[in-house]
Amino acid sequence: MEKLNIEKLYEMARQLRRDVIKMLVISKSGHSGGPIGLAEIFSALYFNVLNIDPKNPKWVERDYFFLSAGHLAPVWYTALARAGYFPLDELATLRKLHSRLQGHPAPAHTHGAPGIEVASGSLGQGLSIAVGCALGLRLDAKKNRVYVLLGDGELNEGQIWEAAMTAAHHRVSNLTAIVDRNDCQIDNYTHVVMNLEPLVDKWKAFGWNVIECNGHSIEEFLDSVEKSKQCKDKPSVIIAKTFMGNNISFMHNNYKWHGVPPNEEQARQALSELSPTSFGDFIKFDWENN
Amino acid sequence: MAKYKLKEMKATRLGFGEALVEIGHQNPNLVVIGADVTGSVRTDLFKNAFPERFFSVGIAEQDMIGTAAGLAVAGKVPVASTYGEFATGRPYDQIRQSVAYSKLNVKICASHCGITVGPDGATHQALEDIALMRVLPNMIVLSPSDYIEAKKMIKAVINYNGPAYVRFFRDNTPVFNDENAPFEIGKSIELIDGNDVTIIACGIQVWESILAAEELSTEGVSVRVINMHTIKPIDKNGIIKAAKETGAIVTAEDHQIHGGLGSAVAEVLTQNYPVPQEFVAIKDKFGESGNGIELMKYYGISKDGIVDAVKKVLRRKSTEKMELKYEK
């Protein structure tokens, strides 16, 4: 798949945000803040980092991506559709009966969308899966790399730290974990619900190569991914500092936007703050011209 | 009446461990994940034979299931194994989401199931595992009746593509099956023919049922014995045939009365051909320490408990027939 340059990646990130807003205003249900905050990371992953063939999702040479925090599905679905895994107009079916875009992701071989390998939604399970996949690929001396995205609230789950030990014990270096460090979870800021700090020290103590970056800087994120690939004796984790609802004024760094969709008026406001892109929207609402 | 000879005493878990090594030589994609206790569940045999294909996750059953799911995504055939309680109860949500709902080719093979785990007591006696696994869509559930069947079963399960749960036992138990008899997932085996009543059993209770049938035959009761090694998908036709031909059913298992083999059989009977059924199972209680044989007797799931259940179901069969005549 052709890689986009930095300028286009930022433009794609803006388009992913517009898509998420439109999907959610149609579905009237779903998570806004986290997906909006991950637009740069998903743009970078699907249009630069991942070695994938969207027309052939099971391509044997593919890189594997797992979304452990399944509620972030809306931004994943937009990235998958924009990359060509399924038609753009399918984005309008999010959370509807018989849609492949389930409220939380399901794999393509069940009733889910192409590009998805394992279900997620119940938190804390994706890192173990990524480690298992990386071990399997290493056993066959394959070059495919494994990526997994974790929410920071999700790090409350004990299984994450079980998997962190397993990855380090087996020196799984064909794996890059990404932590969406937005300090927000459904009830409140993460430091209020369950303190995670010192987070960098925790991962280091568990035997990981830790890379910190600004998750809204595509240059920094791409550089961090490169650094993770250079590490050959440990698993790597990128702790990406992000803001929930970034680039939308009323959502910015507001944990109350974890699990709710925008209404029409809020969607109108959000879209006015995200100028249209050359990629084009997947749908145009009647009220957009007014 | 067919006679079954007790050939020797050997554990089903050993059959599992030995079969893994045999399959490992033929199938390079077979991998095993261990959560400690490999010597107990006999995956140590595979670990020693194929160290590069064995992955230790430590005492971390939730991670074991997730790691297995990931290995399956990468095209491997992973076997995740520990004690029955920790293989099913502890990582239940991981099995539900990452294996069953995700429909991945993961084999969860648990040893130390049932009350016969014995001295370790209730914490280690998996008595709810069949129920837990049976309610999950996409999951199949099997339990062998002896060492020989354990080997055949694990080979069939590895060849099957999809999530599977297999339940083994710790103790050395009677070996009686025919090495050359065919084994097919979902196809029950009629071990003894009979006309008056049918005992449908799984696991160790299959041998206990054979003993019960032999004892009852001396009293003139003709007992059919069916080895229901696959609890899901259950052999519906085999159950309906037995109900039609014998008119009374006893189920026997080393598991809670709710949700296990007995419930699975009852679901088929009530929807297709209702006949009286008695349940030989643990009666909604936690176990306690003791040796396996004395616990089986105490909780009423050995030969004597099965004989009593047969007599009870035969009384119901005759009175319910009379009541039916009276109503007409």
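The values are calculated or read from the model by the stated rules, or taken from the named source; none is laboratory data. Just so you know, these numbers come straight off a predicted model, no measurement behind them. Cβ: placed from backbone, ideal geometry, glycine included. Neighbour counts: every protein chain shown.
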Select the helices (runs of 4 or more DSSP H) contained entirely in the stretch B:250-328, then report the ones holding at least 1 residues which are farther than 24 Å from B:R134 by Cα.
B:292-298, B:303-327
Only one of B:G262, B:G287 is in contact with a Phe, Trp or Tyr (Cβ under 8 Å, 6 or more places away or on another chain), in contact (Cβ under 8 Å) with a residue 12 or more places away in the chain, within 15 Å of B:K232 (Cβ to Cβ) and not hydrophobic (A, V, I, L, M, F, W, C); which?
B:G262
Within the stretch B:94-116, restricting attention to residues that are hydroxyl-bearing (S, T, Y) and within 14 Å of another protein chain (Cβ to nearest Cβ), which residue is farthest from B:Q256 (Cα to Cα)?
B:S102
Residue check: is A:S128 touching an Asp or Glu at 6+ places or on another chain (Cβ under 6 Å), in contact (Cβ under 8 Å) with a residue 24 or more places away in the chain and in a helix (DSSP H, G or I)?
yes
If you take the residues of the stretch A:260-290 that are of a type in the set (D, E, K, R) and in a loop (DSSP other than H, G, I, E, B), which of them is surrounded by the most Cβ atoms within 10 Å (Cβ to Cβ)?
A:D281
Which one of the conditions (1) touching a Pro at 6+ places or on another chain (Cβ under 9 Å); (2) away from chain A (no Cβ under 11 Å) does B:L71 fail to meet, given that it meets all the rest?
(2)
Selection within the stretch B:44-62 - touching a residue at least 12 places away in the same chain (Cβ under 8 Å) and of a type outside the set (G, A, S):
B:D44, B:L45, B:F46, B:K47, B:F50, B:R53, B:F54, B:F55, B:V57, B:I59, B:E61, B:Q62
Take B:V41 and tell me if it is within 12 Å of chain A (Cβ to nearest Cβ), in contact (Cβ under 8 Å) with a residue 60 or more places away in the chain and under 23 Å from the mean Cα position of the chain (by Cα).
no
If I filter the stretch A:211-259 down to residues being touching a Lys or Arg at 6+ places or on another chain (Cβ under 9 Å) and either at pLDDT below 95 or within 19 Å of A:G30 (Cβ to Cβ) (or both), which single residue comes out as surrounded by the most Cβ atoms within 10 Å (Cβ to Cβ)?
A:I248
Check A:T110 against each of (1) crowded, with 22+ Cβ neighbours inside 10 Å; (2) over 14 Å from the mean Cα position of the chain (by Cα); (3) hydroxyl-bearing (S, T, Y) and name the one condition it does not meet.
(1)
When the stretch A:134-180 is checked residue by residue, the ones that are touching a strand residue (DSSP E or B) at 6+ places or on another chain (Cβ under 9 Å), more than 10 Å from chain B (Cβ to nearest Cβ) and not aliphatic (A, V, I, L, M) are A:R145, A:Y147, A:G151, A:D152, A:G153, A:E154, A:S173, A:N174, A:T176, A:D180
Note: among A:K58, A:K3, just one is surrounded by fewer than 24 Cβ atoms within 10 Å (Cβ to Cβ), under 18 Å from A:V148 (Cα atoms) and at pLDDT 95 or above, namely A:K58
Please verify whether the stretch B:141-158 includes one or more residues that are under 12 Å from the mean Cα position of the chain (by Cα) and among the hydroxyl-bearing types (S, T, Y).
yes
Screening A:V179, A:V193 for residues that are of a type in the set (A, V, I, L, M) and surrounded by fewer than 19 Cβ atoms within 10 Å (Cβ to Cβ) leaves only A:V193
Looking at the stretch A:27-85, which of its residues are assigned to a helix (DSSP H, G or I) and of a type in the set (S, T, Y)?
A:S27, A:S43, A:Y46, A:Y77, A:T78
What number of residues within the stretch B:177-191 satisfy the criterion of being surrounded by 15 or more Cβ atoms within 10 Å (Cβ to Cβ) and either within 14 Å of B:V225 (Cβ to Cβ) or out of contact with any strand residue (DSSP E or B) (no Cβ under 7 Å at 6 or more places or on another chain) (or both)?
6
Odd one out for A:V118 among (1) touching a His at 6+ places or on another chain (Cβ under 8 Å); (2) assigned to a loop (DSSP other than H, G, I, E, B); (3) at the interface with chain B (Cβ under 9 Å from one of its Cβ atoms):
(1)
Candidates A:L80, A:L97, filtered to the one that is free of Cβ contacts under 8 Å to residues at least 40 places away in the same chain, of a type outside the set (F, W, Y), more than 10 Å from chain B (Cβ to nearest Cβ) and under 20 Å from A:I41 (Cβ atoms):
A:L80
Filter the stretch B:75-93 for residues that are at the interface with another protein chain (Cβ under 7 Å from one of its Cβ atoms) and surrounded by fewer than 24 Cβ atoms within 10 Å (Cβ to Cβ); the one that is farthest from A:R171 (Cα to Cα) is B:D93
